[in-house]
Structures are given as structure tokens and as C-alpha cells.
Amino acid sequence: MSIGPQFAEFLYTITNFGDANLIAPPVCGAIAALWMLGERRNARALALAFGLCLAATVLSKILFMFVYRGGPLRSPSGHTALAAFVYGSLAVVAWKRESLGALRYVIAALCALIVLAVAVSRFKIGGHSRTETAFGLAYGVAAVAFLARRFAWRPISQSGVAAPAIAGALVTLSAYLVLSSGYFDEDSISEFTHWLRTLAMGA
């Protein structure tokens, strides 16, 4: 079923909420800020969960592109994986912050809605098949489950948050600059996989 131009524009706007260039840098900044706050355990947990999500997504893209001979599974959705991880992690972190009270329910519901919207947008605009979207969703949810078991808030002194906040902002900005180079996008992964296939065929 075709979609109208206005709805298509809306879907493209929604799908950008899973764009690595938009949502990965703040995760890097959050890791740095947590580390500076002395929350080393939480920083490591977030970094490891984020790394697992990225590794699963990128490596499976390479694998499936390498062996692809047709069908609905060629490139698991990175947008969906990252959206599920980032917004899912935000929901988990907020939920564990008991001082937020009833606001935790609002944050969790909003994050779940964003993840669902990004996932639907990916196959509605033809960016991925439903199977590829499901794989991406599974990666993100698995990484969030990993984080949820390891992340635990401790009381934080408000007087010492300025330096961590600045450090987090600087790391976020640096990550934006790195990702904007385009070395880690879908085309780059596809080109790398093509090179691997050519190398394997020539071996």
C-alpha cells in the first residue's frame, strides 16, 4: 500500500530519531559524565551495553551482506537497534531513579512509543524489511536488558556535577564530529563487505 507524501515526510522525521549521528553521541557523552561523577560501575555498564549493541548490529550487517543471496534479511536495522537501546536505556535509567516518582511512567511510555515508531517507520519507508527491523529491535532490547541488570543509581552531590556535565558535552560534540565524517554509515559497511567478498573470491 502506497503512502502519501505528507505521511512519508512524517515517517522520515520519525526514523531520524534512530539515526546514529543523532543519538549515539549523547550516549558517549553520558558515559564520560558518569565516569567523571565517580559512577565508574555505571559508566562501564553503559559503555559495554552500547558496545554490544553496536557490535551485534555492525557484525551481523557484514555477515548477512556477505552471504546474501536474496530474501528479507540482508541488513538488520541499525536505526531500530540504536533507538531500542538509547530510548530503552533512558527508560531504564529513569525507572531506577525512584525520586522521579510518577514521572518514571511517563518517561518509560514515551520511550517505548518512540522505539515502536522508529521500528514501524523503517519498513514503512522501505529502509528495511520487517525481518531486518525485528533483528535490530532484538539487538537493542538485549543490550537494554544487559544494562538493566548492571546499572544502579547512588546518591549524587549536586555540587559536583558541573565538571562532569562539561566533560559529557565535549565528548558528545566530539562524537558528532566523528560520526558526521560518514565512515560508519550503511554505504561504508556495504562497501567494506563487498571488498571482503571480492577478497574471498580471489583467494
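The values are calculated or read from the model by the stated rules, or taken from the named source; none is laboratory data. Note that the coordinates shown come from a computational prediction; the quantities given were computed from them, not determined experimentally. In this analysis, Cβ positions are derived from the backbone assuming ideal geometry, glycine residues included, and neighbour counts consider all displayed protein chains.
Six or more apart or on different chains, Cβ atoms under 7 Å: show the pairs whose first residue is in region 27-45 and free of Cβ contacts under 8 Å to residues at least 60 places away in the same chain and whose second is of a type outside the set (Gly, Ala, Ser).
ALA43/ILE31; ALA43/LEU34; ALA43/TRP35
Answer yes or no as to whether THR15 is of a type in the set (Ser, Thr, Tyr), buried (at least 16 other Cβ atoms within 10 Å of the Cβ), more than 11 Å from the chain's Cα centre (by Cα) and part of a helix (DSSP H, G or I).
So THR15 fits the description; yes.
Output yes when any residue across region 116-126 is in contact with a Leu (Cβ under 9 Å, 6 or more places away or on another chain), of a type in the set (S, T, N, Q) and surrounded by 15 or more Cβ atoms within 10 Å (Cβ to Cβ), and no when none is.
Taking every residue of region 116-126 in turn, at least one turns out to be in contact with a Leu (Cβ under 9 Å, 6 or more places away or on another chain), of a type in the set (S, T, N, Q) and surrounded by 15 or more Cβ atoms within 10 Å (Cβ to Cβ).
For TYR68, all conditions in the list (1) surrounded by fewer than 20 Cβ atoms within 10 Å (Cβ to Cβ); (2) closer than 24 Å to GLY168 by Cβ; (3) hydroxyl-bearing (Ser, Thr, Tyr) hold save one; what is the number of the exception?
The number of the failed condition is (2).
Go through region 63-103 and give me each residue that's of a type in the set (Lys, Arg) and more than 20 Å from VAL27 (Cβ to Cβ).
Of everything in region 63-103, those that are of a type in the set (Lys, Arg) and more than 20 Å from VAL27 (Cβ to Cβ) turn out to be ARG69, ARG74.
Between ASN16, ASN21, which is within 22 Å of LEU173 (Cα to Cα) and either touching a Pro at 6+ places or on another chain (Cβ under 7 Å) or without any contact (Cβ under 8 Å) to a residue 12 or more places away in the chain (or both)?
The unique qualifying residue is ASN16.
What helices (runs of 4 or more DSSP H) completely inside region 77-159 contain at least 3 residues that are modelled with pLDDT under 90 and more than 30 Å from ILE3 (Cα to Cα)?
Passing ranges, in order: 78-96.
From the list ALA142, ALA148, ALA134, ALA163, pick out the single residue that is out of contact with any Pro (no Cβ under 8 Å at 6 or more places or on another chain) and without any contact (Cβ under 8 Å) to a residue 40 or more places away in the chain.
ALA134
Within region 27-50, is there a residue that is surrounded by 20 or more Cβ atoms within 10 Å (Cβ to Cβ), over 23 Å from ALA165 (Cα atoms) and of a type in the set (A, V, I, L, M)?
no
Yes or no, residue by residue, for (1) over 30 Å from HIS194 (Cα atoms); (2) in contact with a Leu (Cβ under 8 Å, 6 or more places away or on another chain); (3) of a type in the set (S, T, N, Q):
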residue: PHE64; (1), (2), (3): no, yes, no
residue: TYR68; (1), (2), (3): no, no, no
residue: PRO72; (1), (2), (3): no, no, no
residue: PRO76; (1), (2), (3): no, no, no
residue: VAL86; (1), (2), (3): no, no, no
residue: VAL93; (1), (2), (3): yes, no, no
residue: GLU98; (1), (2), (3): yes, no, no
residue: GLY101; (1), (2), (3): yes, no, no
residue: CYS111; (1), (2), (3): yes, yes, no
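Go through region 29-68 and report how many residues are under 21 Å from ALA145 (Cβ atoms) and either modelled with pLDDT of 95 or more or part of a helix (DSSP H, G or I) (or both).
So the answer is 23.
Yes or no: region 184-200 includes at least one residue that is within 16 Å of the chain's Cα centre (by Cα), modelled with pLDDT of 95 or more, among the charged types (D, E, K, R) and within 22 Å of LYS61 (Cβ to Cβ).
no
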